[in-house]
Amino acid sequence: MSDTIDSLYEQIVSRSPGESEFHQALYEVLETLSPVLDKHPEYKEHKIIELLCEPERQIIFRVPWEDDNGGIHVNRGFRVGFNSAIGPYKGGLRFHPSVTLGTIKFLAFEQTFKNALTGLPIGSGKGGSDFDPKGKSDREIMRFCQSFMTQLYRYLGESTDVPAGDIGVGTREIGYLFGQYKRITQRYESGVITGKSPDWGGTWIRKKATGYGVVFFCEEMLKAVHDETIKGKTAVVSGSGNVATYAMEKLKVSGAKVIACSDSDGVIIDENGINVDTVIDLKEVRRVRISEYLTSHPTAKYIENGNIWEIPCDIALPCATQNELKEDDAKLLVKNGCIAVCEGANMPSTPEAISILQSNNVAFGPGKAANAGGVASSALEMQVNAMHSASYDYSEERLHEIMNHIHRACCQTAEEFGEPHNYVLGANIAGFRRVANAMLAFGLI
Ligand code: NDP
Ligand code: 2IT
């Protein structure tokens, strides 16, 4: 990092102690921005980096809720609006016991660059709670979502702040959240939240969009870096939630064999190819552990607390959570001949892992580019809602075009700055420039 960027980083870190995930995301972006600051001194003059690294607003609130036995619980809710230079705050909600303000800030910061890369008019935000949805009844989930929205609704609006799903928040939770917003405000404001069911204002592609988008991006990246295709390759995909499931579905359609997936308890290996319909039944419908895959596929193997990155593969897609792919995992992937790692999750690879992969010629697609298909489809859902239309839908082809556009933007920017195939640098600079130019134009200071 240059001295200017280095001291900026130190300043920001000292003002946000303990937010280690935010510091990590910040570092990964800032270390690639020196060349663009050298080329455009106006960004420095107008303190664009300082502005861009400080959230516009951060809301923290108490979420009390009652369980089925009448017990009272108190959780904490968060919503961070990071940047609104190119559109309303846009980003998902995460319900997971590990969530802290630092988690939400890192996710909202990443979202700034991701949303800009889509080329669509969406600013950045993220929210969530340390609520643990595991083992909760449907009614408990409903009461929690209602209490969460009772606090949050006043800050939302289709032109202000538009949440969606993330870990622990899917179509069911979006339904309860939207229902409470509608009840309190007396407004059928469809575009206030995305990831809705196609029956009431959503689009069918949204649920599949992140996972499909990762595979579209991976296909382009393989072609550009290795002159290869997905067809005939062996893949492993961590996680078995929304992103992982539809990444596996599209990998299969693209001719790959997916031999492993996981959840936070363990890894399933199926040499016959993971059966995606089974995963959908276990995880989306029945909400049980991935180990139950063995019931209908007895020849598969389950390794409790296993490490999925030990399994030899050509393509690895981390689609579970942050920092799940570490330095030693990257070394294993390299040793076993992996040629591409494409991130479905947000910041799943540590900086040390990324540097091992890049220096060993493994094509590496960072999450803020590769997983942008989800939020891009959310922006399309907002367009449909703004037209008050239920009569048409956006297609998979549109998602494919957007992912190809993002891939091109990363490639061209990386080349412009003399680092061909450095998708990390390409994504950061391309995303940064779009937001920075809007901020300059508005005189946001
Ligand atoms: P889901 O809740 O649907 O699934 C999450 C999956 O990851 C589950 O298999 C879960 O296992 C596993 N997982 C979660 N946390 C941990 C953890 N701490 N340790 C180990 N495994 C874990 O979430 P999504 O699929 O929606 O999200 C996955 C990733 O993709 C996240 O990083 C999210 O930010 C990112 N993302 C999501 C988008 C979306 O549209 N949903 C868009 C772009 C990025 P278990 O069930 O055991 O907890
Ligand atoms: O990380 C992400 O991009 C998401 N969870 C999706 C956000 C959205 O608004 O669709």
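Just so it is clear, none of the values below were taken in a lab; they were calculated from the coordinates. Quick caveat: nothing in here was measured; it's all calculated off a predicted structure. Cβ placement follows ideal geometry from the backbone for every residue including glycine, while neighbour counts extend to all protein chains displayed.
A few points about this structure:
- Judged by the mean number of other Cβ atoms found within 10 Å, the most tightly packed of the peptides 154-161, 366-373, 427-434 leads the ranking 366-373, 427-434, 154-161.
- Peptides 207-213, 118-124, 262-268, 54-60, ordered by how many other C-beta atoms sit within 10 Å of their residues on average, highest first, read 207-213, 118-124, 262-268, 54-60.
- For the peptides 252-259, 184-191, the ranking by mean Cβ contacts within 10 Å, running from highest to lowest, is 252-259, 184-191.
- Computed extension length for W204-S2: 68.2 nm, one decimal, from 0.36 nm per residue of separation with the Cα-Cα distance subtracted.
- A Cα-only calculation for the chain places Rg and Dmax at 20.8, 63 Å.
- Rounded to whole Hz, the Karplus (6.51, -1.76, 1.60) HN-Hα couplings of segment 399-412, x for glycine and proline: 4, 4, 4, 5, 5, 5, 4, 5, 4, 4, 4, 5, 4, 5
- For the chain, the Cys residues with no second cysteine's beta carbon closer than 4.7 Å are C53, C145, C261, C313, C319, C338, C410, C411.
- Both radii come from the Cα set of segment 67-218: Rg as radius of gyration, Rh as Kirkwood radius; their ratio Rg/Rh reads 0.96.
- Across segment 8-22, computed HN-Hα scalar couplings (Karplus, 6.51 cos²θ - 1.76 cosθ + 1.60, θ = phi - 60°) run 4, 4, 4, 4, 5, 4, 5, 8, 9, x, x, 8, 4, 5, 5 Hz from first to last residue, x flagging Gly and Pro.
- Segment 286-445 - Kirkwood radius from inverse mean 1/r over Cα pairs (Å): 18.3
- Cross-link pairs beyond the 25 Å C-alpha cut-off, checked among K39/K368; K207/K301; K90/K252: K207/K301; K90/K252
- Dimensions of segment 175-254 along the principal axes, based on C-alpha atoms and rounded to the nearest Å, stand at 54, 23, 17, largest first.
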